[in-house]
Ligand SMILES: [Mg+2]
């Protein structure tokens, strides 16, 4: 089993290494935070997370960066039951879990309205490339996850976020 504290320490070191940071990190659930589709599970099951998920979430909390959920699960009651069973419900300032035919743009509109965080201050992780493409267009730094959230993809996300931030500041300066 992965040591949660070890992952958390490394994630906090990563957070400390960047001058610009997102204000809010948004996660998909199925195959991003946990390794299954919750529609294929019973709410009586005992769920588990990907090995690095909990350490990264708790580093965000300690690092003062908010977290939120954007999930298109057709079984939100199973998703919220699992979040409770895993004792991570309180780690999220917004939880948008509902099915829609769009690529999560309505989830992000709701998250934006609830938190007041602008799209360019958000970082998003998802395993579905259609969602990544759709949400990038809003101005959110969006990173594709292949084997669940882990320290490698977390570093990649923070790096892309700060590059996008620098690029948009340069653009602003040029247009002045
Ligand atoms: Mg997913």
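If I ask for residues that are in contact with a helix residue (DSSP H, G or I) (Cβ under 8 Å, 6 or more places away or on another chain) and either in a helix (DSSP H, G or I) or away from the ligand (no atom under 14 Å from the Cβ) (or both), which ones from the stretch 18-40 would you list?
18, 19, 20, 21, 22, 23, 24, 25, 38, 39
From the set of residues in the stretch 116-134 that are touching a residue at least 40 places away in the same chain (Cβ under 8 Å) and more than 23 Å from residue 18 (Cα to Cα), which is surrounded by the most Cβ atoms within 10 Å (Cβ to Cβ)?
Applying the filter and picking the extreme gives 131.
Can you find a residue that is surrounded by fewer than 17 Cβ atoms within 10 Å (Cβ to Cβ), within 21 Å of residue 108 (Cα to Cα) and modelled with pLDDT of 95 or more anywhere in the stretch 2-19?
Within the stretch 2-19, none of the residues are surrounded by fewer than 17 Cβ atoms within 10 Å (Cβ to Cβ), within 21 Å of residue 108 (Cα to Cα) and modelled with pLDDT of 95 or more.
When you check residue 69 against the structure, is it closer than 23 Å to residue 118 by Cα and within 12 Å of the ligand (Cβ to nearest atom), yes or no? First the steps, then the outcome.
Values: closer than 23 Å to residue 118 by Cα: yes; within 12 Å of the ligand (Cβ to nearest atom): yes.
Considered against the rule, which asks whether it is closer than 23 Å to residue 118 by Cα and within 12 Å of the ligand (Cβ to nearest atom), residue 69 comes out as yes.
Please verify whether the stretch 160-174 includes one or more residues that are outside any loop (DSSP other than H, G, I, E, B) and under 15 Å from the mean Cα position of the chain (by Cα). Before you say what the answer is, go through the steps one by one.
Here is the first cut: in the stretch 160-174, the ones outside any loop (DSSP other than H, G, I, E, B) are 160-174.
Okay, now just the ones that are also under 15 Å from the mean Cα position of the chain (by Cα), so 160-161.
Within the stretch 160-174, one or more residues are outside any loop (DSSP other than H, G, I, E, B) and under 15 Å from the mean Cα position of the chain (by Cα).
I'd like the residue in the stretch 32-47 that is within 17 Å of the chain's Cα centre (by Cα) and surrounded by fewer than 18 Cβ atoms within 10 Å (Cβ to Cβ) and, out of all such residues, is farthest from residue 79 (Cα to Cα). Break it down stepwise before answering.
First pass over the stretch 32-47, keeping only residues within 17 Å of the chain's Cα centre (by Cα): 32-37.
This time we only want the ones that are surrounded by fewer than 18 Cβ atoms within 10 Å (Cβ to Cβ), so: 35-37.
Working: 35: 13, 36: 11, 37: 9 Å.
The qualifying residue farthest from residue 79 (Cα to Cα) is 35.
Taking residue 57 as the residue in question, decide whether it is within 15 Å of the chain's Cα centre (by Cα) and within 16 Å of the ligand (Cβ to nearest atom).
Numbers: within 15 Å of the chain's Cα centre (by Cα): yes; within 16 Å of the ligand (Cβ to nearest atom): no.
No, not satisfied.
Would you check which residues across the stretch 93-109 are buried (at least 16 other Cβ atoms within 10 Å of the Cβ) and away from the ligand (no atom under 16 Å from the Cβ) and list them? So that I can check it myself, show each step before the final result.
If we filter the stretch 93-109 for residues that are buried (at least 16 other Cβ atoms within 10 Å of the Cβ), which is where we start, we get 94-97, 103-104, 107-108.
Of everything in the stretch 93-109, just one residue is buried (at least 16 other Cβ atoms within 10 Å of the Cβ) and away from the ligand (no atom under 16 Å from the Cβ), namely 94.
The values are calculated or read from the model by the stated rules, or taken from the named source; none is laboratory data. Keep in mind that what you see is a predicted model, and the values were worked out from it rather than measured. Note that we place each Cβ from the backbone using ideal geometry, even for glycine, and neighbour counts take in every protein chain shown.
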